[in-house]
Amino acid sequence: MKEHISKSPQIADIPTNASSRFIDSGMLHFEASLAGFNERYRRGETSHTVHVWWARRPHSAMRALLFASICKDSSDLAEDILKQLSTTSLNQNLLKNIRKYLRSQYRSNPKVLDMFGGGGTIAFESNLLGFDTFSVDINELSVFIQKCNLVYAKSVVGLDVEKALRDAGQR
């Protein structure tokens, strides 16, 4: 296994008692930015086209950021997965393999807390990657939108949430 070369400047040392994450060795800024730009100008691919939000986060960029923040491996395999996650076209088989890959690095499901949930992009992508997801926001509209996308939609038997959002956005 070759050593992963950092694509980002090292701003601070990692604390000695903390385990290293993939994000510590650098993110693929160009790929994440390009995917976010492309996503911004496509109608109907994400929840952002269903409701307008003032601080939209590109789903593909947040997905890549979450993976890099949780992944403890900095091998070529992790970098390849990150490149695949930076696209908007995902399939269930790929997601299943990524979930299995990340779970193998932890004793239990990784947990993600988004303290400023907003439109729910981070919570949506975290949930998609199979993490135990918690999101908080003071804005009642934000909480309602996130509950609709992440909680109520799952209670409808047989509903594919990603497909439902995509279809609603295209309409």
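The values are calculated or read from the model by the stated rules, or taken from the named source; none is laboratory data. Because the structure is predicted, anything quoted here is derived from the model rather than measured. Quick reminder, even Gly has a Cβ in these numbers, built from the backbone with ideal geometry, and neighbours come from all protein chains shown. SASA here: full protein model, heavy atoms, side chains in, ligands and nucleic acids out. Shrake-Rupley method; radii C 1.70, N 1.55, O 1.52, S 1.80 Å.
For the stretch 98-136, give me each residue that is of a type in the set (Asp, Glu) and open to solvent by 40 Å² or more (accessible area, probe 1.4 Å).
Of the residues in the stretch 98-136, the ones of a type in the set (Asp, Glu) are 114, 125, 132.
Scanning the stretch 98-136 gives a single hit, Asp132.
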Scanning the stretch 84-96 for residues that are surrounded by fewer than 12 Cβ atoms within 10 Å (Cβ to Cβ) and not in a loop (DSSP other than H, G, I, E, B), which turns out farthest from the chain's Cα centre (by Cα)?
-> Asn93
Which ones in the stretch 112-166 are under 21 Å from Leu94 (Cβ atoms) and part of a loop (DSSP other than H, G, I, E, B)?
-> Leu129, Gly130, Phe131, Leu159, Asp160
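Yes/no matrix, rows are residues, columns are (1) under 23 Å from Val151 (Cβ atoms); (2) at pLDDT 85 or above; (3) acidic (Asp, Glu):
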position	(1), (2), (3)
Ser47	yes, no, no
Ile70	yes, yes, no
Asp73	no, yes, yes
Tyr106	no, yes, no
Phe131	yes, yes, no
Flagged pairs (Cβ under 6 angstrom, 6 or more apart or on separate chains; first in the stretch 66-79, within 15 Å of Gly130 (Cβ to Cβ); second among the hydroxyl-bearing types (Ser, Thr, Tyr)) are Leu66/Ser126
